[in-house]
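Engineer: Structure below; questions to follow.
The values are calculated or read from the model by the stated rules, or taken from the named source; none is laboratory data. What you see is a predicted model; the values in this text were computed from it and never measured. Every residue, glycine among them, receives a Cβ derived from its backbone with ideal geometry; neighbour counts consider all protein chains shown.
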């Protein structure tokens, strides 16, 4: 009996220390969400000005750029999968990977070859464990992504898309990442980065992607890069003078735009990752509290049982002595 | 005078400077360009180097930009660059080290030199 009580007390203590750890993790995650959101806000002026300039340049040049419009049937796609470097974030990475698999299946059905580019250790390990080839692997950046990281990823992707298909290049670039809607809701999104979806109406592939199963929360709205790219014909641009020329400006802007897209995606994913981690750690803390409460009840019952037993032993012993004495 | 310019200097991850100014001097791939209020709309690619913003009170803000461009419309000037640093934020000692480390990387070396130049001219 005494052994059971000791065991229970030991478990209460270890649960207590686990709870402290998860609580600390939760608080850290909460503060990192804010930081990630601040970085995202700081990057906004650049994105906005860049998109405006890009729209102006695109509206003037003849739009024949392989990053702007698809040429022929795509045969190969790069898929950038944004997972996390660390665990303790619930199903964050698993959800992204599941969505990436759905997209991969979809693209394969269309006869495309899929090349994964993976961000985050969790995703990289998942691919490595299954012996799948990764064409790009970027780790130790998801906690606090910097623009230099985004630039590196974007450069690799651009190199792939700028290489002719016959020489092993890709035709399309897709990205699967988590979008931070608010503190409690994040959703996994699959989007096509390049060629940019120019039309107002999302193309069929796009709609399928957005509706593909596996989202973290309710069905994704078909919010696409189209929302930020040339689409509004009713909006008129000032007649810009281009130096040196509209085409050259566009050529220079598109890589910057790619870098910016990857950067904002990483920041969005980072905020989501911390939010997922905060939620997971909050659940763990709550569970530890509950467990602790149950264990305490059990320990109290065990202690009570021990006391009762001792009393009945003493009483029994006294009775036996009294009986022996009266004989 | 036609009025004043609203200027913002923005790097990829943060806004470097914003305010009103009389004139903005930058260097595009075609040559030096000076923008004053009432300038026609321009979109120009900037070479790695300094951008000078002269403010109303006669002061000057100098920033080094890398892989940037300039967009002017309706007295609003946006200088956008993947990297941009104000002259006073540049630490010449650390940039010197970067320059040494750059080695054969021409882009990195150019960016380091541009920053040194901006820091030196201050």
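Engineer: From the residues in the stretch A:237-250 that are touching a helix residue (DSSP H, G or I) at 6+ places or on another chain (Cβ under 9 Å) and assigned to a helix (DSSP H, G or I), which one is nearest to the other protein chains (Cβ to nearest Cβ)?
Structural biologist: The qualifying residue nearest to the other protein chains (Cβ to nearest Cβ) is A:249.
Engineer: If you don't mind, there's one more thing I want to ask. For residue A:76, state whether it is within 12 Å of the chain's Cα centre (by Cα), closer than 22 Å to residue A:153 by Cα, away from chain B (no Cβ under 14 Å) and modelled with pLDDT under 90. Step through it out loud before you land on a result.
Structural biologist: Working: within 12 Å of the chain's Cα centre (by Cα): no; closer than 22 Å to residue A:153 by Cα: yes; away from chain B (no Cβ under 14 Å): yes; modelled with pLDDT under 90: yes.
Here the answer is no, as residue A:76 does not meet what is asked.
Engineer: Counting only residues that are farther than 28 Å from residue B:106 by Cβ and part of a strand (DSSP E or B), which one in the stretch B:36-59 is farthest from the other protein chains (Cβ to nearest Cβ)?
Structural biologist: Restricting to residues being farther than 28 Å from residue B:106 by Cβ and part of a strand (DSSP E or B), the top hit is B:54.
Engineer: Taking the conditions exactly as written (within 21 Å of residue A:196 (Cα to Cα) and more than 13 Å from the chain's Cα centre (by Cα)), does residue A:254 satisfy them or not?
Structural biologist: yes
Engineer: Out of A:42, A:29, I need the residue that is more than 14 Å from chain B (Cβ to nearest Cβ), part of a helix (DSSP H, G or I) and within 27 Å of the chain's Cα centre (by Cα). Which one? Show your work before the answer.
Structural biologist: Details: A:42 fails: more than 14 Å from chain B (Cβ to nearest Cβ).
Sole residue among the options that is more than 14 Å from chain B (Cβ to nearest Cβ), part of a helix (DSSP H, G or I) and within 27 Å of the chain's Cα centre (by Cα): A:29.
Engineer: Next question. Scan B:114, B:93, B:78 and give me the residue that is without any contact (Cβ under 8 Å) to a residue 40 or more places away in the chain and either in contact with a strand residue (DSSP E or B) (Cβ under 7 Å, 6 or more places away or on another chain) or outside the structural domain of residue B:15 (by TED's automatic domain parsing) (or both). Even if it seems obvious, please write down each step before you answer.
Structural biologist: On the way: B:114 fails: without any contact (Cβ under 8 Å) to a residue 40 or more places away in the chain; B:78 fails: without any contact (Cβ under 8 Å) to a residue 40 or more places away in the chain.
Being without any contact (Cβ under 8 Å) to a residue 40 or more places away in the chain and either in contact with a strand residue (DSSP E or B) (Cβ under 7 Å, 6 or more places away or on another chain) or outside the structural domain of residue B:15 (by TED's automatic domain parsing) (or both) holds for just one of B:114, B:93, B:78, which is B:93.
Engineer: When the residues of the stretch B:60-97 are narrowed to those that are in a helix (DSSP H, G or I) and buried (at least 17 other Cβ atoms within 10 Å of the Cβ), which ends up farthest from the other protein chains (Cβ to nearest Cβ)?
Structural biologist: Looking at residues that are in a helix (DSSP H, G or I) and buried (at least 17 other Cβ atoms within 10 Å of the Cβ), I get B:87.
Engineer: Pairs under 6 Å by beta carbon, first residue within 11 Å of residue B:71 (Cβ to Cβ) in the stretch B:28-56, partner assigned to a loop (DSSP other than H, G, I, E, B), six or more apart or different chains?
Structural biologist: B:41/A:238; B:41/A:240; B:43/A:240; B:45/B:29
Engineer: Test residue A:266 against the stated conditions and say whether it is under 23 Å from residue A:90 (Cβ atoms) and at pLDDT 90 or above.
Structural biologist: On the way: under 23 Å from residue A:90 (Cβ atoms): yes; at pLDDT 90 or above: yes.
It is true that residue A:266 is under 23 Å from residue A:90 (Cβ atoms) and at pLDDT 90 or above.
Engineer: Of the conditions (1) over 25 Å from residue A:261 (Cβ atoms); (2) at pLDDT below 90, residue B:12 fails just one. Which one is it?
Structural biologist: Evaluating residue B:12 over (1) over 25 Å from residue A:261 (Cβ atoms); (2) at pLDDT below 90 leaves (1) as the failure.
Engineer: Also: Among the residues of the stretch A:250-266, write down those that are surrounded by fewer than 23 Cβ atoms within 10 Å (Cβ to Cβ) and within 24 Å of residue A:84 (Cα to Cα).
Structural biologist: Passing the criteria: only A:264.
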